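Throughout, read-outs are computed from the coordinates displayed, never taken from laboratory work. Remember, predicted model here, so these are calculated numbers, not experimental data. Neighbour counts are summed over all protein chains in view; Cβ atoms, including those assigned to glycine, are modelled from backbone coordinates with ideal geometry.
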Amino acid sequence: MVTSIHQLDDGAWVSVNDSREVNVSDLWQLARSDICDCDPTDFLAEGFVEVSVACGRVEARIAGQCIGCGTDGVTDWLELGRADPDTGAFRSVVPSSVHVPDRRRRLAAKE
Amino acid sequence: MPTKVEGWKDEAYGNEVRERIYEFAEEGWESIPDDEHDAWFERFKWWGLYHQRKGQESYFMMRIGTPNGVLEPGQLEVVADVADEFARGPADNPEFGGAVCDWTTRQSIQLHWIKLEDIPEIWDRLESVGLSTQQACGDSWRNIVGCPVAGKDKNEFIDAWPVAEELNETFKGNDDYANLPRKWKVSVTGCSEGCGQGDINDLAFEPAVKIIDGEETKGFNIRVGGGLSRKEPRLARSIDVFVTPEEAPDIAASCSALFREHGDRDDRFNARIKFLVDEWGAEKFRRVLEEEFVDGELRTAGEDLRDEYTYNAGHNHDDGEGHADHVGVHEQPDGNYYVGLSVLVGRMSAEETRELAHLADEYGSGEVRLTQRQNIIVTDVDSDRIDGFLEEDLLEYHSPEPGVFMRGSIACTGTEYCSLSIVETKNRMVRYGRWMQDNIDVPEGMTNFHTHLSGCTASCAQPQIADISLRGMKTRKDGEPVEAFDIGLGGGLGENPQFADWVEMRVAADEVPGYIRNLVEFFAEAREDGESFRAFIARHDEEALNGLVEPEETSYTDPYMHNTKMTWYPYAEDDDMGSSPAPTNGQGEPLPSDD
Ligand code: HEM
Ligand code: SF4
Ligand SMILES: [Zn+2]
């Protein structure tokens, strides 16, 4: 099945196949992010700015700020998790483990 | 390219959605097709139904729009009954109990834990007394706000209640304006004190006077493009137009048609009219309005009353003049009284609400009114019986003479129900309010001190126009993530409205009361003679305010430090997301979940 993704309520959450899966207010640990020089960037997600999906892999750019140094900004593309192409079931990544935002723009279907 | 939401709205939106809600209610939660949840919940908003946050699937927040905050005789009791019967969730709130009513910052009513299956019965009861949830949320005309004592104010400039009523009748359910690019918030102010808060609305009618054919005519100046949301607060801007009260519906139609045609449907972040006014400027707005949306010529603005505005203007109301924040006992033109009760964070239990409805019937006309400070006013209290009313038990807690810190407290919905939230809000503000009342000496002459607490940048509690602005954040304490606030100072309305400067960032929630105490003590020592808090803050620049005093742990304790958004309900005994009973069926029994 085709994975359908929506970013709703001013970017408050990302829905994957019509189920709310990823929320603002999580803290994401980002390595080598462009947001700030903290390592890792201790990033409070305040809004999903863009979302995309390719082959079940759901990604987003997230607005928020590093709660270590206070710098705010929008991340490069981060993987949020994967949706099973057969069942549609979503497995989220764990925000509090370390993630590396990816500047490359995938050939993905934007929302 | 139009957004996905626009696509859903094109397929079905507005009045037609009602039939589908009836069908879904009849057949139950599971009858909403799995792959259409997002689309339907977006459409439900137009009917005042907002799906509660993750962990609370199948439960809805329901908003009832009460124009100008007016509840006519008989309506409050029905609200109490509906809340009592239908607004109970799987777990109670430790401060407020099981079934509550929220009085909101836009003079509306909000209920929670509403089940789809109950909506037809609730609508029946509400509509039987003339209440409605139509357009209470969603992309259209929202509840119209104004001076809550319109028509009951001894010094008012014009009675704007009939104007608000007519706008409500004209634009509620009106298919021509049902599908706008984003929400459309309108304020109508007829008093000379500025308490309609026009400056933070999309469209504002502000009292003004103009000489027309040699005659002094009372009416309104028009402002557009105010709003607080996200980190982009804007004050409404004058478009140099005056209208008479009779012309209000026409100009409102023109402005909302302009928004309908020119608002940004490609980017919801950029859709509010405030951004169009940024882009165009007021002059172009006026020109396009006149050329494309108005028959004939617009009048230029009249003389406004803004230099008389006292509402949230940073004055201390000790002179008994004017209606200030509407709390307390005030005489009406007919010799009766209105009595404003301070309702901490705008929340009353269903039981208290029913009791208040009875008191309003017994001592007054049965009418009550909601304010934009989340308070409630009982109007038309018989002049002979005012003393009896003031002795009623209910008024001991919801008091017309509250302490300064209780009186000034406002809080939004927060992690209890809201998807956008970062932190817990209402219960925390209740605890802050009580602690401040018990632990901070009120500086001499200070009758007003506004603390507005919002759980995120959407700013539903209007944090930017308070003395103390609190906006949900996170920080780390001993390495652990905890709930926190950015703190702003110096906001308020009045002749020269001012948004807060954000001066202390990421203060752990349990150190906020200590910060406020330190700041108030500093103010008491360093102020000039009789200087108000707002004036005192205004005299310091942002740099001086940074680090003026320190946040500090105190005797205040905070049970909600632990990332309440990650729970299914912050106060449940077992609050783990995985322990949520939702979604549930019409009896509140858990349904097997899909994933
Ligand atoms: C797209 C997201 C949202 C934005 C941008 C937003 C923004 C705002 C703003 C600025 C106000 C201040 C009142 C005024 O305009 O004068 C307001 C009011 C309010 N908001 Fe939100 N809000 C959003 C979503 C929510 C959600 C999800 C909830 C709760 C579940 C909520 C609850 C409230 C309440 C209770 C009020 C007062 C009421 C009223 O309109 O009657 N808001 N909102
Ligand atoms: S300010 Fe944020 S947290 Fe509070 S009710 Fe509004 S959207 Fe929710
Ligand atoms: Zn007023």
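Here are the numbers for this structure:
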item: Unit charges at the beta carbon, dipole of the protein assembly as shown: most positive-side option, B:Ile465, B:Ile212, B:Tyr337; result: B:Ile465
item: Shape category assigned to chain B from the gyration tensor of Cα positions, a/c cut at 1.5; result: rounded
item: Radius of gyration and Dmax over the Cα atoms of segment B:278-390, both given in Å; result: 20.5, 58
item: Interatomic Cα distance distribution for the protein assembly as shown, bins of 20 angstrom, percent; result: 18, 53, 27, 1
item: Estimated inter-spin distance, B:Glu247 and B:Glu283, nm [label 7 Å along Cα→Cβ]; result: 2.2 nm
item: Debye-sum result for segment B:4-128 in log10 I(q)/I(0), which assumes one identical scatterer on each alpha carbon, at q = 0.15, 0.16 Å⁻¹; result: -0.73, -0.83
item: Distance cut-off 17 Å, percentage of C-alpha pairs in segment A:5-104 lying past it; result: 45 percent
item: Theoretical FRET efficiency, 1/(1+(r/R0)^6), r = Cβ-Cβ of B:Asn496 and B:Asp387, R0 30 Å, to 0.05; result: 0.15
item: For B:Lys152, distant residues with modelled amide H under 5 Å away; result: none
item: Inter-label distance, nm, simple model (7 Å from Cα along the C-beta direction), A:Val49/B:Ala524; result: 4.6 nm
item: Prolate/oblate/rounded call for segment B:336-458, Cα gyration tensor, a/c under 1.5 rounded; result: oblate
item: Burial order of peptide ranges B:550-556, B:337-343 (average beta-carbon count within 10 Å, highest first); result: B:337-343, B:550-556
item: Hypothetical label at B:Asn15: residues of segment B:253-277 whose amide nitrogen lies under 13 Å (7 Å Cα-Cβ projection); result: none
item: Lysines whose Cα lies under 24 Å from that of B:Lys274, excluding same-chain neighbours fewer than 8 positions away; result: B:Lys4, B:Lys9, B:Lys45, B:Lys172, B:Lys183, B:Lys185, B:Lys231, B:Lys284
item: For B:473-480, mean number of other protein chain Cβ atoms within 10 Å; result: 3
item: Rough spin-label spacing in nm, given labels placed 7 Å along Cα→Cβ, for B:Lys154 and B:Glu292; result: 4.9 nm
item: FRET E, pair B:Arg125, B:Met577, Förster distance 35 Å, beta-carbon r, rounded to 0.05; result: 0.55
item: Computed [θ] at 222 nm, helices only, for the protein assembly as shown once each DSSP H run of length n ≥ 4 contributes -39500 (n - 2.57); result: -6500 deg cm²/dmol
item: Cα shape, segment B:201-339, gyration tensor, a/c 1.5 rule; result: oblate
